[in-house]
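The values are calculated or read from the model by the stated rules, or taken from the named source; none is laboratory data. This is a predicted model, so every value here is computed, not measured. Don't worry about glycine lacking a Cβ; one is built from the backbone with ideal geometry, like all the others, and counts go over all protein chains shown. Each accessible area value is taken on the protein alone, full model and side chains, heavy atoms only, with ligands, DNA and RNA left out. Shrake-Rupley method; radii C 1.70, N 1.55, O 1.52, S 1.80 Å.
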Amino acid sequence: MEPEYSAVPLDAAANAPLTLLPEPVRPDPGELELRGLPFRLGSDPDRCLVHLGDGGAAEAEVQVGRHARHLIFAHRVLASRIMEGDPPGRPVVELTVSLEGGTVATHVIRERFEVAFIPPGWGQLPFLALPDQADSAPDQRYVGAYSGIGYRQTEAHQAWPRWFYLWAWANPSPDLRVETVSLRSLGPSYALASIVAGTADEFPFAREGARPVKVTIDGLEEKDELEWRVEVDRGTATLPYRLPSGTVDEFLADPMAGFGDRFEEGQSPAYVEVSAVPSATLHVTRDDEELASARWGDVVERGEVESGAVRIQALDSGRNWVRVRVVDDQSGQIVPCRVHFRSPQGVPFQPHGHHPQVNRDLGTWHSDIGGDLKMGSITYAYIDGTCEGWLPRGEALVDVAQGFEYQPLRTRVQIEPGQQDLELRLRRMRDLNAERWFAGDTHVHFLSTQGAQLEAMGEGVNVINLLLSQWGHLFTNTEEFTGEPLVSRDGRTIVHATQENRQHLLGHLTLLGLRKQVAPWCSDGPSEAELGGTLEVTMSDWADRCHAQGGTVILPHLPNPNGEPATLIATGRADAVEMLQHGSYSHLEYYRYLNGGYRLPLVGGTDKMSSSVPVGLYRTYVHIPDDEEFSYESWCRNLTAGRTFLSGGPLLSFSVEGAEIGDTVRIPAGGGTVEVRAEVHSIFPVHCLQVVQQGRVVAEANSAEGSRHLTVHERVRVEGDSWLAARVAGPDYTAVPHLDEWGRGIMAHTSPVYLATGEEWALSDPATTQYMLTLVEGTLSYIHELSHQHAHGTVTHHHGEDDHIAYLERPFREALEALHRRHHHA
């Protein structure tokens, strides 16, 4: 059987050496595979090329003597004036092909059409020829040079010519044998390296759009990284991406609908996108080992090919460009949200402009950060309620979510041939804005203000605090700071670029509502400040300068780093504390300070630093009274007043004797009972709703199988000054994890309602006081004995004081005095 592609010998016509090519590294004589085609250079390196035109021959003739549907030329021009202003289309060579029976076909080879100069200059590739190298995916997904991180994230490299361009001449009479090819120079210097004759009933280069194929490999060791790939000799293939191993019904029944799925482990199944000619061969390889191979035409025709332990399945059922609207089921109004579309096999079809796969495989934060989200193995796109792009014909799966107040929509839809519109409807479970509760995230990094606003709308978050900060020698979001909030047109979404100031041992501090930057942002070396950095500032000073601007001071991710937080709390500099992960340590620290007599509102923030965390996954709901307009200022003011609850999904209501969260209830001096009401609505199943008094559970409702609605209505005994709060989570208040990269628990917790027997709420705990004294003394010890310092007299510090150590000590001395007074008073 005649081969589908074979090289035509040029030895008799060759008249030039390989050194005619200007590249320092040249191909070897003999076999030369280019784009999967078997070209062949002459065997004599001194007579290896056909050179025509300036410095070469006037004409040349090549004997072919075989049938061919196409002749593929590997050639180039050796001089060009296009970059000097000459127009494209300059005639280079006149081609005459003699067919059997005396038929003649002619064609003029033109610059920037059938051939071009190398290097072509950016944007100067030819219209009808391809580079001798194919477009490709990077060699490695997970590792590579620091300088190449941007290119690696694209996961696609455009082909450029190494030595030649490849042009396919189509035989107008494919049943007639090609006898000879004659080339006559039309002036420019031109080099022909090889000709391949193709008998296959196909165009020699892939023109069909990429199609997804599923690859299943038996017997590979399960690893986090996909170690194999698909290579195509006459086409291209993307890197592999995992596919879900579960069924469609399992996907639709998942109680975490809208918030990801369990990350798929193992090396397969996975999919790749392939564009190839029918005669192409797909090679499944791992390192230098070939695991399987298959002819692309067979995969397309049969739908499935097995080779050894590998099964390759074609998945493409066709596709439509579809415009999507997501609307409120009651009002019909557009709902900003995040969306995920996939085929039943799990291949994602995301809106145009969004990533089918968020590039989270580089093992770092601050990359591929905005506009998309990855939870588990699902990539979501944030949209304003409308989007457009490809969707698979037939059955398609959608997964849509908008925060915690809308029931997520995970369902099947049918895309008919020709259909170009799709409407999805979300059902609202609860409208907290209408109840005067406004959600905010106190802790977001790396997004732009505009991007943060879009993502906030998509998550039903009213306030985003985008925090400038420093990591070693990296400063982030400097350009976002304006000293004022960015407010959406409808006034319901606000982004304020403000700061998180940080020190690795003293602690971190979130400064909300800054009008002017508070510098230095970080201090005393990595990971927060620069190498060799000195201890320039205290958290207390940052807090004072924030308060001087009318700002709000939050202790983030209580309690760590656990150095100066005790000082800030003792001196009244902390307006609230933030919890961003369910855990006993965070809870015990919070309860410790409440039991010590410190009023501390509780807030929620995400510390978002990657696309694997949605804004507002842990959020702060702030109640703003009816007589106050919603604004950034009123949100912060009522936060400071303690009218808050933290939510990682469940929506809480809580009252004591009719008093709301943050209020103080007066009780008789001898104590008594109080009526408590707690209620939770949740888009996720929850298992327990508890009322805690000074950290002890005093009332609760439970659901062993999980419920989306629980209530508590009881009378609770109170002996003296105390506090009560409501909380909700999994069984026995354990954490059922979210599918973000932290695995933070589904939970909610209110700030306290305070109970006072006198005019002032007064609660004390000697153990808490001693704990705080220890931390203050330890921090002072660090300042004196271990912190980096400039030599005295060699610098003028930002505060302008002569005695820098005395400046650093001051807030800790104040804390010691305050704690000793509290201990004495108790």
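Things worth noting here:
- A simple spin-label model places pseudo-atoms 7 Å from Cα toward Cβ; at residue 288 and residue 531 they are separated by 3.7 nm.
- For the range 579-694, the fraction of 1.4 Å probe accessible surface lying on carbon and sulfur atoms is 47 percent.
- Applying the criteria of a DSSP loop state and at most 14 other Cβ atoms within 10 Å to the GluC sites (Glu not before Pro) of the range 103-206 yields no site.
- Tail beyond 45 Å, pair distance distribution of the chain (Cα, percent): 43
- Computed extension length for residue 794-residue 147: 229.1 nm, one decimal, from 0.36 nm per residue of separation with the Cα-Cα distance subtracted.
- For the range 405-479, the direction-averaged projected area of the alpha-carbon convex hull comes to 8.4 nm².
- Per residue, the convex hull volume that the Cα atoms of the range 35-110 enclose (Å³): 151
- FRET efficiency for residue 715 and residue 767, using Cβ-Cβ distance with R0 set to 25 Å, rounded to 0.05: 0.25
- Within the shell of other residues whose beta carbon sits under 14 angstrom from the beta carbon of residue 793, the net charge comes to -3, with Lys and Arg scored +1 and Asp and Glu -1.
- Prolate/oblate/rounded call for the range 1-137, Cα gyration tensor, a/c under 1.5 rounded: rounded
- Ranking of 160, 635 by solvent-accessible surface, largest first: 160, 635 (1.4 Å probe, protein heavy atoms only, all chains present).
- Nearby aspartates and glutamates by direct alpha-carbon distance to residue 608 (threshold 15 angstrom, same-chain neighbours under 8 apart not counted): 368, 372, 441, 455, 459, 500, 578, 740, 741
- Annotation: Cα Rg of the range 340-443 relative to the compact-globule expectation 2.2 N^0.38 Å equals 1.21.
- Under the combined filter of DSSP loop state and at most 16 neighbouring Cβ atoms within 10 Å, the range 453-521 retains these trypsin sites (Lys or Arg not before Pro): 489, 492, 515, 516.
- For the range 352-421: accessible area per residue (Å², 1.4 Å): 37
- Antiparallel content of DSSP bridges confined to the chain, in %, to 5: 85
- Peptides 89-97, 336-344, ordered by how many other C-beta atoms sit within 10 Å of their residues on average, highest first, read 336-344, 89-97.
- For the range 406-532, share of DSSP beta bridges that run antiparallel, in % to the nearest 5: 50
- Area of residue 19 that stays accessible when all protein chains are in place (1.4 Å probe, Å², to 10): 100
- Sparse-neighbourhood loop sites, GluC sites (Glu not before Pro) in the range 732-782 - DSSP loop, at most 13 other Cβ within 10 angstrom: 759, 760
- Measuring nothing but how far apart in sequence close Cα pairs (under 8 Å, 6+ apart) lie, relative to its length, the chain scores a relative contact order of 8 percent.
- Within a straight-line Cα-Cα reach of under 23 Å, residue 214 can be paired with the following lysines, leaving aside sequence neighbours fewer than 8 residues apart in one chain: 223, 374.
- All C-alpha to C-alpha distances of the range 1-73, sorted into 5 Å bins beginning at zero, yield P(r) values of 3, 15, 22, 25, 20, 10, 4, 1, 0 percent in whole numbers.
- DSSP beta bridges in the range 575-700 [antiparallel fraction, %, rounded to 5]: 85
- Contact order relative to length of the range 697-826, as percent, for alpha carbon pairs under 8 angstrom and 6 or more apart: 19
- Size of the range 79-225 as Cα extents on the principal axes (Å, biggest first): 63, 43, 23
- The residues of the range 1-137 present an accessible area of 48 Å² per residue when probed at 1.4 Å with all protein chains retained.
- Rolling a 1.4 Å probe over the heavy atoms of the protein chains gives the range 170-296 an accessible area of 41 Å² per residue.
- Residue 298 paired with residue 248, simple spin-label distance in nm, labels 7 Å along Cα-to-beta-carbon: 2.9
- Taking a Cβ cut-off of under 11 Å around residue 81, the surrounding Lys, Arg, Asp and Glu residues balance to a net charge of -2, with basic ones at +1 and acidic ones at -1.
- Exposure rank, largest accessible area first [190, 771; 1.4 Å]: 771, 190
- Residue 523 exposes around 0 Å² of accessible area when a 1.4 Å probe is run over every protein chain in place.
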